1. List the number of the failed condition for residue 379; all other conditions in (1) in contact (Cβ under 8 Å) with a residue 40 or more places away in the chain; (2) in contact with a strand residue (DSSP E or B) (Cβ under 6 Å, 6 or more places away or on another chain); (3) not aromatic (Phe, Trp, Tyr) hold.
2. Among the residues of the range 193-205 satisfying the criterion of being touching a strand residue (DSSP E or B) at 6+ places or on another chain (Cβ under 8 Å) and among the small types (Gly, Ala, Ser), which is farthest from residue 54 (Cα to Cα)?
3. Suppose we filter 71, 62, 32 for residues that are buried (at least 24 other Cβ atoms within 10 Å of the Cβ) and at negative phi; which single one remains?
4. Where in the range 174-274 are the strands (runs of 3 or more DSSP E), entirely inside, with at least 1 residues that are touching a helix residue (DSSP H, G or I) at 6+ places or on another chain (Cβ under 8 Å), over 29 Å from residue 107 (Cβ atoms) and in contact (Cβ under 8 Å) with a residue 60 or more places away in the chain?
5. For residue 258, work out the one condition from (1) surrounded by fewer than 23 Cβ atoms within 10 Å (Cβ to Cβ); (2) under 25 Å from residue 555 (Cα atoms); (3) touching a Phe, Trp or Tyr at 6+ places or on another chain (Cβ under 7 Å) it doesn't fulfil.
6. Please determine, by comparing only the residues of the range 333-389 that are among the acidic types (Asp, Glu) and surrounded by fewer than 21 Cβ atoms within 10 Å (Cβ to Cβ), which one is farthest from residue 315 (Cα to Cα).
7. In the set 198, 171, which member is aliphatic (A, V, I, L, M), closer than 21 Å to residue 316 by Cα and at pLDDT 95 or above?
8. Filter the range 74-90 down to the residues that are in contact (Cβ under 8 Å) with a residue 24 or more places away in the chain and in a loop (DSSP other than H, G, I, E, B), then identify the one that is surrounded by the most Cβ atoms within 10 Å (Cβ to Cβ).
Amino acid sequence: MSDYDYIVVGGGSSGCVLAKRLSANPEHRVLLVEAGRDYPPGEEPAEIRDTFYTAAYVREHLWPDTRVHWLAPRAGEEARAPSFYEQGRVIGGGSSVNAMVALRGLPLDFEEWEAAGAKGWSWDDVEPFYRRLERDLDFDGPAHGREGPIPVRRHARGDWPPFVEAVADELARRGYRYVDDVNGGEREGLGRVPMSSLPSQRMSAAMGYLDRETRRRENLRILPRTHVDSLAIEGRRVTGVHVGTGEGGTFYRGNEVVLCAGAYRTPALLLRSGLGPPEDLAALGIPVRTALPGVGRNLHDHPTFAAAAHLRRKAKQPSSLRPHANAGLFYSSGLEGCPPLDMYMPIANKVSWHALGERIGGLFLVLMKPFSRGRVTLASPDPNEAPRIEVNAFGDERDLARAKQSMRFAHDLLSQPAVRALATWRFGGSFSERVRALDAYRPFNRVRAGIGSFLLDGPAPLRDCLMRNAVCPGAELDALVADDAGLEGWLRENITGFFHPVGTCRMGAPGDERAVVDAAGRVRRVEGLRVADASVMPVIVRATTNLTAIMTAEKMAQAILDGG
C-alpha cells in the first residue's frame, strides 16, 4: 500500500488548492511538500499579512538562488550576469509575497489555449472555476463568485491618490473610457485594479485554502522546509518522491504525484528525474527515463519597464490607503502583427515600503502578449543547484518595438501640465541590484530612505545633483526617449519581468511532441504524474497570473476527482 494517495509538490498558489480539494474526501491521504516555511492561520509575519507587498522585500520568504538571464547576448556582446528574481519560497508561494493584483484572464486568452491544443479550456470551461475561487466584495451577479476562499476588492474611484487621479484625468481627456469592473466583461480602457486582499490583510492561497478547518483534517499532512530532489520512477510509472540524498534521504511513496513547484522549479524537477529533452539530459549525464522535448521550453513572462517621477509632497498617497493598486490602463499597441489588448499600464502612486518609495510615482509598462520565448535547463544534476533560466525577452523584434513605444507613451503622459505639476523629476525606473539593496526590508534602509527623501525635498540644485548622480544616473526621461539607440540600450539594461513565468510544461494535443501534459495535467507517456501549476499554460494570459494559476489548479483538481 502506498503511503499517500496524492503527493503535491509545492505549497504555492496551485499546491494549496490541490491540497484542500483532494483532501476533502477523507479517504484520500494527501501529502503537501513545501520547500519554505509554513505559517498556520494567524501566525503569518506582519510583512506577509501587510496589504502592501512588503513581503517581496524579505529574503527569508524567497528562493535565495533564483537568477534569470533576461536577454540573449547579441553578436560580439559579452553575456550579462543573471539578475536576482523574487520567487516565493514560503507556504502560499507567490501569493504570499506578490502585489495581490487579482486580474482574470480574458476570453481571448482561452481561445488561444484551445488553438494551442488545450481542449476543454475555453472561456466557458474556465469561467466557473474563476467564480469558484473568488469572493468578490464589490460586485454581485452571475459574472462573480461570492463564496470562494479568495476575496477580491478594489479601491473606490473617489479614493484614488493625486498622481493616479492626474494621470487618469489625462487619459480620459484622450478618450480612454473608464471601466469600473475589469473582471466582469469588457476590459479595454482605464479601470479599477482588483486586489486579492481584505482591507486589513493579504489573502494568500495559503490563508484562503489552508484554513484552520482544512488543516485539522487527519488525512492531510503538510511537510514544510522540505526540498524534493527527484521523482521515484519504476518503468514508466512515478511511484513517489525522494527528499534529500545519501543517508539522510527520505522516500515518500504515492499513487499519484502532482507537481505545483512553478514554471522554474517544476521543469527542473522533471529534468533531474530524467524526463525531458534527451539532448539536455545527455549533456549532464542524466539517464533518459522518458523523452519529453517540451520540458523547460516555451518560457515567457510579462516584460516590464517603468517611467517614474519623484512626487511633490502634495501628491503623496495618504497613509490611510495602504495598498499600491489603484488604477490601470488596458490598451492595444496597434503595432502590425500584435494582438488586441497586448499592453497594460498600472499607475502607481508609490513603489516601495519606505519613505523614498512613497514619493516615487510610476507608470509601469507591461507587455501582456510577448512573442519571445525562452527556456529552463539545468546547470547541473545537483538538486541543490538552481536551474538556468533564459528568458530571451527581446528575441522577437515586436517586443522591443512595443517597449520603445510604451516608454514614449508614458513620457508623453508624464509631460502633461497637470501631471508634471505633481513631480520634480521624471526618469526611467529600474529594478537594479542597487534598488533591490535599498528595498530590502531592514531598519537601516528605513533610516537611509528617510534621509534620502528629506534631501530630495531640499533646494532644487541639491535634488538635481542627487537625482543625476545617485537616484537615476543616466536615466533622465526626456533624454532617454529622444535617442532611439540610447532608449534601446536602457531597455536592454533594465528589462525585467512581472514575476509571471509560465509555459515550461505546456498543455497540448495528443500528437503535439512539444506538449508536456494533456488537458487534465497528465504528463505524456508517464503514469502517476501530473502538473497543475502555471507551467502548463500554453500561452500567457492578458492578466497577472496568480488568479489564473489558482483557477488552473481548481480545474485540474476537479479533473483528478472526476477520474479525468
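The values are calculated or read from the model by the stated rules, or taken from the named source; none is laboratory data. The structure presented is a predicted model; accordingly, all values stated were derived computationally and were not measured. Positions of Cβ are backbone-derived with ideal geometry, glycine not excepted, and every protein chain shown enters the neighbour counts.
1. (1)
2. If we filter the range 193-205 for residues that are touching a strand residue (DSSP E or B) at 6+ places or on another chain (Cβ under 8 Å), which is where we start, we get 193-199, 203, 205.
Going one step further and asking which of them are among the small types (Gly, Ala, Ser), we end up with 196-197, 205.
Values: 196: 15, 197: 14, 205: 17 Å.
Across the range 193-205, the extreme among qualifying residues is 205.
3. Values: 71 fails: buried (at least 24 other Cβ atoms within 10 Å of the Cβ); 62 fails: buried (at least 24 other Cβ atoms within 10 Å of the Cβ).
Just a single option satisfies the conditions, and that option is 32.
4. Working: elements: 189-192, 220-223, 228-234, 237-243, 250-259.
Strands (runs of 3 or more DSSP E) meeting the threshold: 220-223, 228-234, 250-259.
5. For residue 258, the exception is condition (1).
6. The first filter runs over the range 333-389 and keeps only residues among the acidic types (Asp, Glu), leaving 336, 342, 358, 382, 385.
The next check asks that each one be surrounded by fewer than 21 Cβ atoms within 10 Å (Cβ to Cβ); those that pass are 336, 358, 382, 385.
Working: 336: 38, 358: 10, 382: 51, 385: 45 Å.
Per the criteria, the residue is 382.
7. Working: 198 fails: closer than 21 Å to residue 316 by Cα.
Exactly one residue qualifies, and that residue is 171.
8. First, the residues of the range 74-90 that are in contact (Cβ under 8 Å) with a residue 24 or more places away in the chain: 82-90.
Cutting the leftovers down to in a loop (DSSP other than H, G, I, E, B) gives us 82, 85-87, 89.
On the way: 82: 16, 85: 21, 86: 23, 87: 25, 89: 27.
Filtering the range 74-90 for residues that are in contact (Cβ under 8 Å) with a residue 24 or more places away in the chain and in a loop (DSSP other than H, G, I, E, B), the one surrounded by the most Cβ atoms within 10 Å (Cβ to Cβ) comes out as 89.
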